[in-house]
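Data block below; observations after.
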Amino acid sequence: MLPEIQRPNPVVNDIVIGWMSEHDLLEVVEIEEKSGLSRWGWAAYYAELQGMNRDLMLVARVNRPTLENERIAGYIVARAAAGELHINNVAVRAQYRRRGLGKSLMNCVVEQGIRRGATIAFLEVRAGNAAAQALYQTCGFQAIARRANYYSEPREDAVVMSLSFR
């Protein structure tokens, strides 16, 4: 059962952001694979849904899907602990990119993190992913460090970014 909080519900171009459920996981994993994110897979997302951070797992649902099997346009997964919000994964299907959906997902999860008492957020992003870094900068994140060889398949450095809520 989700905690008693206001459910995120902004609409962006016939898309509603809400809680992720087990029923969303096949599409979430498909989006993960097509986006080139480090692989979590179905079992990891399912385990996260059973934990204390399930209110930080959001999906962008298409109100009028064009394809029967594509009802999820994007998703975000984060964790909160010790006053920190850590953004683990965020991805948007290619056909829904550049519409503000990634920014909306980020804003919703940051709001949830603040409700949970977080005062700062962190994320890692591939050093070569300029589009994602630009998105995070528009959300207020700043690069603070670099982690050598953080990613595998392919091996690449990570840029660590943070956003203070104070």
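No lab work stands behind these numbers, since they all come straight from the coordinates. Given the structure is predicted, the values throughout are model-derived calculations rather than measurements. All Cβ positions, glycine included, derive from the backbone under ideal geometry; neighbour counts span all protein chains shown.
Looking at the chain, send over the antiparallel percent of its DSSP beta bridges, to the nearest 5. Percentage antiparallel, nearest 5: 90. Taken about its Cα centre, the chain carries a charge dipole of about 500 debye when Lys and Arg each add +1 at the Cβ and Asp and Glu each add -1 at the Cβ.
How about segment 114-163: which trypsin sites (Lys or Arg not before Pro) there are in a DSSP loop, with at most 13 other Cβ atoms within 10 Å of their Cβ?
Listed in order of number, the matching sites are Arg155.
Seen from Ala127, the other residues with C-beta closer than 10 Å to its C-beta sum to a net charge of 0, counting Lys and Arg as +1 and Asp and Glu as -1.
Residue-wise HN-Hα couplings along segment 157-166, as the Karplus relation 6.51 cos²θ - 1.76 cosθ + 1.60 with θ = phi - 60° gives them from phi, are 6, 10, 9, 8, 10, 9, 9, 8, 9, 7 Hz; Gly and Pro carry x. Other residues whose C-beta falls under 14 angstrom from the C-beta of Gly51 contribute a net charge of 0, scoring Lys and Arg +1 and Asp and Glu -1.
Rounded to the nearest 500, the helix-only mean residue ellipticity at 222 nm of the chain stands at -8000 deg cm²/dmol, with each DSSP H run of n ≥ 4 adding -39,500 (n - 2.57). Extension gain for the segment Arg54 to Ala143, taken as residue separation times 0.36 nm less the Cα-Cα distance, is 29.3 nm to one decimal.
Across segment 15-164, Cα-Cα pairs farther apart than 26 Å form 21% of the total. Just to confirm the filter: which GluC sites (Glu not before Pro) across segment 60-166 are DSSP coil and have at most 11 other Cβ within 10 angstrom of their Cβ? Loop-located and lightly packed - Glu68.
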